[in-house]
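Chemist: So that we are looking at the same thing, I have put the structure below in structure tokens.
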Amino acid sequence: MKKQLIMAQYIWIDGRMPTAMLRSKVRVIPAVHRLKDIPNWGFDGSSTEQATTSKSDCALRPVYYLPDPILGGKNIMVMCEVLNSDGRPHKSNTRVRLRQAVKAHKSAQPLFGFEQEYTMYDKPGEWPYGWPGEGFPGPQGPYYCGEGANDVNGRPLVVAHTIACMTAGIRIYGTNAEVMPSQWEFQIGPLGPLGVADQMWLARWLLYRLGEPMGISPRLDPKPIAKGDWNGAGCHVNFSTRQMRAQGGLTEIVRACKKLGRFHNQHIVVYGTDNEKRLTGKYETCDINTFRYGVSDRGASIRIPMSTAKAGRGYLEDRRPAANCDPYLVCTALLETVCGSGFKP
């Protein structure tokens, strides 16, 4: 009997510096039931800043897949690691280091949750979606978790994205309008480090693709509007280990916060491009050159939630990562610092 053919959307992270972007292309393959049934593929690395023209071949190794909610049926989205032509990990392949960290600290049973903020822009314009053509909208205040046409922009994309994530099996657990108009947030987790990072990249890819037919370009700029009194965009990370979640885990959380403070500068290196424009000490952020932690303090580098403090166990929230951070690197930095001897970028 002839096998059913499907479309597999191969998705990978390119080599653009300082901020990488997602790339994808479709391959028609027989329907699959296991990861190992998805074949490796290749691409022109000279067009993605991952190779030279004279040695342009790079390889794609499938590492995770989910149903494609846009195409439906048995079509799939495939997250891939990038390899050199000789089979070794490409230098842009940040997932491989996270794999190593996960193996080294498996006993810690780490869990992560990401809170991804983003800003909608008119496409192909350079102005936030729904903002006046001349001037600015009203001051911040009514937009956070706002309702009504005068207070929020772009809700149809948010709803479509949420449904798509749910349909695909991505563990999305919430969305909300943010403080700046046309700025939104979605949350993924809690999951283990590789799972949450893979799903974060796929959720970003779905957001971009769903924005295409709507004429909306979602962006992850840490400070989308520099002039005026406007919030930046972050990607707060909730993190816990088995010991933090156990009885008396607050002591372990405080110990982790102190250790994170000793490696603050190393974390900032991988927490997103142009993060200094966002981490100014204003707009619910700590200054980029300062580290502090506190209970229920949204101006701190690390917030210990009130619920965690009351229960004496739970998780911490790292508020330093920018919206454009690489989830693989953020998870690696937290794992190697809290569970290991420290993080070196």
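Quick note: the coordinates plus some simple rules give every number you see, no bench work behind them. Predicted model only: the values in this text are computed from it and were never measured. Glycine also receives a Cβ, built like all others from the backbone with ideal geometry; neighbour counts cover every protein chain displayed.
Chemist: State the extension gain, in nm to one decimal, for the chain segment bounded by Ala149 and Thr290, taking 0.36 nm per residue of separation less the distance between their alpha-carbons.
Modeler: That works out to 46.9 nm of additional length.
Chemist: Can I ask one more? For Arg171 and Glu126, compute 0.36 nm times the residue count separating them, minus their Cα-Cα distance, and round to one decimal in nm.
Modeler: Length gained between Arg171 and Glu126: 13.1 nm.
Chemist: Pairs Lys74/Lys344; Lys36/Lys91; Lys25/Lys227; Lys91/Lys277; Lys223/Lys258: which are spaced more than 30 Å apart, C-alpha to C-alpha? Present the calculation step by step, with values, prior to reporting the outcome.
Modeler: Numbers: Lys74/Lys344 41 Å; Lys36/Lys91 24 Å; Lys25/Lys227 37 Å; Lys91/Lys277 27 Å; Lys223/Lys258 28 Å.
Checking Cα-Cα distances, Lys74/Lys344; Lys25/Lys227 exceed 30 Å.
Chemist: Let me check against my output: what whole-number percent is the relative contact order of the range 97-219, with C-alpha pairs under 8 Å and at least 6 apart? The partial results should precede the final answer.
Modeler: Working: 182 pairs, mean separation 46.2, N = 123.
Here the relative contact order equals 38 percent.
Chemist: Tabulate in residue order the Karplus-calculated ³J(HN,Hα) for the range 171-187, using 6.51 cos²θ - 1.76 cosθ + 1.60 with θ = phi - 60°, rounded to whole Hz; enter x for Gly and Pro.
Modeler: The phi angles translate into 7, 7, 10, x, 8, 6, 5, 9, 5, 8, x, 6, 10, 9, 9, 10, 10 Hz.
Chemist: Next up: I need the trypsin sites (Lys or Arg not before Pro) found in the range 262-345, filtered to DSSP loop residues with at most 14 other beta carbons within 10 Å of theirs. Let's see the in-between values first.
Modeler: Details: sites: Arg262, Lys277, Arg278, Lys282, Arg292, Arg298, Arg303, Lys310, Arg313, Arg319; in loops: Arg278, Lys282, Arg292, Arg298, Arg313, Arg319.
Qualifying residues, ordered by number: Lys282, Arg292, Arg298.
Chemist: Hey, if you put +1 on the Cβ of every Lys and Arg and -1 on every Asp and Glu Cβ in the range 144-211, which of Val159, Leu206, Ile172 ends up farthest toward the positive end of that dipole?
Modeler: Leu206
Chemist: Roughly how many debye, to the nearest 20, is the charge dipole of the chain about its Cα centre, given +1 on each Lys and Arg Cβ, -1 on each Asp and Glu Cβ, and no other charges?
Modeler: Using only the charged Cβ atoms, the result is roughly 1500 debye.
Chemist: Now for a separate question. At q = 0.16 Å⁻¹, work out log10 I(q)/I(0) for the range 1-136 with the Debye formula, treating every Cα as an identical point scatterer and leaving solvent out; two decimals please.
Modeler: -1.02
Chemist: Let me ask you something else. In deg cm²/dmol, rounded to 500, what helix-only [θ] at 222 nm does the chain give when every DSSP H run of at least 4 residues adds -39500 (n - 2.57) and the total is split over its residues?
Modeler: It lands at -7500 deg cm²/dmol.
Chemist: If you don't mind, another one. Aspartates and glutamates near Lys106 by alpha-carbon distance under 12 Å, same-chain residues fewer than 8 away left out - which ones?
Modeler: By straight Cα distance, Lys106 reaches Glu336.
Chemist: When the Cα centres of the range 90-136 and the range 156-218 are compared, how far apart do they sit, in Å?
Modeler: When both Cα centres are located, 10 Å separates them.
Chemist: Identify the trypsin sites (Lys or Arg not before Pro) of the range 61-106 meeting these criteria: DSSP loop state and at most 13 other C-beta atoms within 10 Å of the C-beta.
Modeler: Lys91
Chemist: Then there's this: Which of the peptides 147-157, 42-52 is most tightly packed, and how do the rest follow, going by the mean number of other Cβ atoms within 10 Å of each residue? All intermediate terms of the calculation are to be shown ahead of the outcome.
Modeler: On the way: 147-157: 15.0, 42-52: 16.5.
Order by mean packing, descending: 42-52, 147-157.
Chemist: What whole number of Å gives the distance from the Cα centroid of the range 325-343 to the Cα centroid of the range 6-65?
Modeler: When both Cα centres are located, 25 Å separates them.
Chemist: Label Ser341 and Asp44 with points 7 Å out from Cα along Cα→Cβ: what is the distance between them in nm?
Modeler: Taking the two extended label points, one gets 4.6 nm.
Chemist: Under the Karplus relation 6.51 cos²θ - 1.76 cosθ + 1.60, θ = phi - 60°, what is the ordered set of whole-Hz ³J(HN,Hα) values for the range 336-341, x standing for Gly and Pro?
Modeler: Rounded to whole hertz, the list is 5, 7, 6, 9, x, 9.
Chemist: Suppose the chain between Asp57 and Lys310 were pulled fully straight at 0.36 nm per residue; how much longer would it get relative to their current alpha carbon spacing?
Modeler: Values: separation 253, 0.36 × 253 = 91.08 nm, distance 5.46 nm.
Stretched out fully, the Asp57 to Lys310 stretch lengthens by 85.6 nm.
Chemist: On to the next question. Most fluctuating residue of Ala197, Ala108, Ala322 in a GNM of the chain with Cα springs under 10 Å: which is it?
Modeler: Sorting by GNM fluctuation, first place goes to Ala108.
Chemist: Which peptide among 263-272, 180-189 comes first, and what is the full order, when sorted by highest mean count of other Cβ atoms within 10 Å? Walk me through the numbers before you get to the answer.
Modeler: Details: 263-272: 19.4, 180-189: 23.7.
The most tightly packed comes first, giving 180-189, 263-272.
Chemist: Looking at the chain as a GNM with Cα springs under 10 Å, which of Gly135, Gly294, Gly195 has the largest mean-square fluctuation?
Modeler: Highest fluctuation among the options: Gly135.
Chemist: Calculate the translational D of the chain in whole µm² s⁻¹ from Stokes-Einstein, where the hydrodynamic radius comes from the Kirkwood formula applied to all Cα pairs, the temperature is 10 °C and the viscosity 1.306 mPa s.
Modeler: Values: Rh = 21.1 Å.
Rounded, D is 75 µm²/s.
Chemist: Hey, another quick one. Where the only charges are on Cβ atoms (+1 Lys, Arg; -1 Asp, Glu), what is the dipole of the range 5-93 about its Cα centre, to the nearest 20 debye?
Modeler: I would put it at about 140 debye.
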